[in-house]
Structures are given as C-alpha cells and as structure tokens.
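A.B. asks: Provided herewith is a single structure, encoded as structure tokens, for subsequent inquiry.
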Amino acid sequence: MEFQPIIDDIAAVLAAERGAGRVASYIPALARVDPAQFGIALCTGDGRVCAAGDADVPFSIQSISKLFSLALAMRHVGDALWQRIGREPSGNPFNSLVQLEWEQGVPRNPFINAGAIAVADRLVSACPDARATLLAMVGSLCGEAVAFDEEVAASEAATGFRNIALANFMRSFGKIDNDVDTVLDLYFHQCSVAMSCVQLARATAFLCRDGAHPLDGSTVVTERQARRLNALMLTCGTYDAAGEFAFRIGLPCKSGVGGGIVAVVPDRLSLCVWSPGLDQTGNSLLGMRALEMFAARTGLSVF
Ligand code: GLN
C-alpha cells in the first residue's frame, strides 16, 4: 500500500481544523505550545518512513513514555511486574486516586499515572541509573539521541501534587519500595522527553515487529511481551477513552497530554500523530480524528 498520499491527504483535510481542542495548561512549557500544529508519521515494519505536516517538530511525549518504561520493565523484571500492577482498564481519568484505595495500592494498569509510577519504582530497583537507561533505550530505538527537557521535568515536579499523592499512597500500602522522590524524579523526567512524530514512529516500530529492534533486529521485548504491550495499549492506552478509540479506530494506541498519539498496526506499521489541542479526556482531538481517517482509508485495524 502507498501510504504517503494517504497521510498527505489526512494532513490536508485536517489543516482547516488546526487549533481545535485545548492545549494542556498545567505547566507553562506546554501552555505556550502553538495549538495550530499538526504532524503525522509512519514507519513500516521494514523501516520505510512517510511523514506529513509538522512531523519533525519535537514535542513533549508525556504519557507516551509509559510505553517505553513498561517495555524496559518487562525486560528487566519479567512477569514479577504483575504482582504490583493490574491489566484492567480503569474507566477513570489518568490521574485519578479513587480506585487505588479500594484496590490496596495496586494500580489498575501500567498506563494510568499510578501504574506508571509503580513501573518507575520497579525500574529504580532494577537499574543503577534508570533515567539514563530509559533515555538510551529510546534513543537506540529511534536511531538518534533524545533528551529530557529539564524545564518540563522541573515544572512537572513543582506542580505534580497528584502524582506525589499517588506515589505516597502506594508507598503507604507497601507497594513502592524505593524513596518516593527518586521514583517520581524518574517519572517526571520520562514525561519530559521531547521527540518528533518521525522519531516516535521509528521508536515504536518494535511493536509492529514482534518486539524486534527497528534498526538492528535485536530483541527489545519478546514476541509475547510485544503482544501484551499492544493489548494493554488497546484496552488502557488512552485512559477512559479507550473504548471510544477501539470503537472508532481499532488499533492499539498510547496518548500523552503533549498531544501525541502513537498507534500500532501489528505486523505492519507504527504511526504517530501530534496536535497539541486535547479533548476532555486528555487525548489529542485532531490526533484521534487523523487516526480514525487513517483506519477508514486503509482498512487497517486489528478487527
Ligand atoms: N505529566 C503528566 C502527568 O503526570 C502526564 C499525563 C499524560 O500525558 N496523560 O499527569
């Protein structure tokens, strides 16, 4: 299939709607992002990249980082990870505290904030320098160095009262082993990584290659782990909109409040769309529209 004309057309159709939605405003670095930007990029399993719009502009990957930290934790911790983290959709906003008390400090899944903080705790235990290990893994996957945005990381820490509460709450149930500040430092930094659509499409291509590294073919995660990552993206990757995403798009997706969404067509390609304007569930409004158009025009969906 020829993908370039399809994504060119999606970018052209959505040009009229650039600026729709509300840019995340909880930290200045996100609030000042130009809402009129839109990018789309895809990477096929055999490494061909197509891009349109602002596909080379770096943006804050935010919760898309939860995908990389989970892959790394699967690699280092294996199945023991699931003693501390569930695999069910939460049906609640990504930063919700309510379920955590009923469920004794065990987060519903690794893609809500509580779950990602629990994953970060496992990584702090498993890696002597988890921040550097995570950054190196993401850089290796996309074939270019990537970096933390220290301004974003500092703002996340200064305003992350809910995340601080979630971490302390889990610690009170004995579900966090490490110093809460150390765990949150990793979490806030992973959220701050800046990447473009092209870089993210490349970096997530292991998910459409049964876990094989997009550039050197080495094992990033096993085939079974890659399948599980895709399953978790489908059921939990877009928070309380996961049902709507499955209904309208039918692909495993992971979103972030920076306006990026990564989607995977297993065994075919990985895709990243970005537009900073969000809907009320914290997912990119035009990003979701673009993915819906892509699935409709290509017939690619897991269903
Ligand atoms: N940094 C944000 C937070 O921790 C990430 C949330 C997101 O992208 N959904 O709340």
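A.B. asks: Mind telling me which of the residues Ala167, Ala158, Ala194, Ala147 ends up being of a type in the set (Gly, Ala, Ser) and either closer than 25 Å to Glu223 by Cα or buried (at least 22 other Cβ atoms within 10 Å of the Cβ) (or both)?
C.D. replies: The unique qualifying residue is Ala167.
A.B. asks: Inside region 224-250, can you point out the residues that are surrounded by fewer than 24 Cβ atoms within 10 Å (Cβ to Cβ), of a type outside the set (Gly, Ala, Ser), over 20 Å from Ser69 (Cβ atoms) and away from the ligand (no atom under 14 Å from the Cβ)?
C.D. replies: Glu244, Phe247, Arg248
A.B. asks: Something else about it: Given the structure, is Leu42 within 16 Å of the ligand (Cβ to nearest atom), touching a strand residue (DSSP E or B) at 6+ places or on another chain (Cβ under 9 Å), modelled with pLDDT of 95 or more and more than 15 Å from Gly259 (Cα to Cα)?
C.D. replies: When the stated conditions are applied, Leu42 does not pass them.
A.B. asks: Kindly list, by first and then second residue, each pair from a residue in region 154-168 that is β-branched (Val, Ile, Thr) to a residue that is within 10 Å of the ligand (Cβ to nearest atom), limited to pairs with Cβ atoms under 8 Å and residues at least 6 apart or on different chains.
C.D. replies: Thr159/Tyr26; Thr159/Ile27; Ile164/Leu184
A.B. asks: Report the residue count in region 73-128 for those that are within 15 Å of the ligand (Cβ to nearest atom) and aromatic (Phe, Trp, Tyr).
C.D. replies: 2
A.B. asks: Looking only at region 140-160, count every residue that is under 30 Å from Ile7 (Cβ atoms) and within 12 Å of the ligand (Cβ to nearest atom) and tell me the total.
C.D. replies: 2
A.B. asks: Check whether at least one residue in region 172-192 is within 16 Å of the ligand (Cβ to nearest atom) and over 16 Å from Ser69 (Cβ atoms), and report yes or no.
C.D. replies: yes
A.B. asks: Return the residues of region 161-171 that are within 13 Å of the ligand (Cβ to nearest atom) and either closer than 21 Å to Ser125 by Cβ or touching a strand residue (DSSP E or B) at 6+ places or on another chain (Cβ under 8 Å) (or both); say none if nothing qualifies.
C.D. replies: Across region 161-171, the qualifying residues are Asn163, Ile164, Leu166, Ala167.
A.B. asks: Continuing with the same structure: Among the candidates Gly277, Gly259, single out the residue that is crowded, with 24+ Cβ neighbours inside 10 Å and farther than 19 Å from Pro110 by Cα.
C.D. replies: Gly259
A.B. asks: What number of residues within region 85-112 are modelled with pLDDT under 90 and more than 18 Å from Cys191 (Cβ to Cβ)?
C.D. replies: Residues flagged as modelled with pLDDT under 90 and more than 18 Å from Cys191 (Cβ to Cβ) within region 85-112 amount to 2.
A.B. asks: Just one of the numbered conditions (1) within 16 Å of the ligand (Cβ to nearest atom); (2) among the β-branched types (Val, Ile, Thr); (3) not in a helix (DSSP H, G or I) is not true of Val57; which one?
C.D. replies: Just one mismatch for Val57, condition (1).
A.B. asks: Which one of these does Val220 not meet: (1) in contact (Cβ under 8 Å) with a residue 24 or more places away in the chain; (2) touching an Asp or Glu at 6+ places or on another chain (Cβ under 6 Å)?
C.D. replies: (2)
A.B. asks: Which condition from (1) on the phi < 0 side of the Ramachandran plot; (2) in contact (Cβ under 8 Å) with a residue 24 or more places away in the chain; (3) more than 13 Å from the ligand (Cβ to nearest atom) is the one that Ala212 breaks?
C.D. replies: Checking Ala212 against (1) on the phi < 0 side of the Ramachandran plot; (2) in contact (Cβ under 8 Å) with a residue 24 or more places away in the chain; (3) more than 13 Å from the ligand (Cβ to nearest atom), the one that fails is (2).
The values are calculated or read from the model by the stated rules, or taken from the named source; none is laboratory data. A quick note: this is a predicted structure, and the numbers were derived from the prediction, not measured. Reconstructed Cβ throughout: ideal geometry from the backbone, glycine too, with neighbour counts over all protein chains shown.
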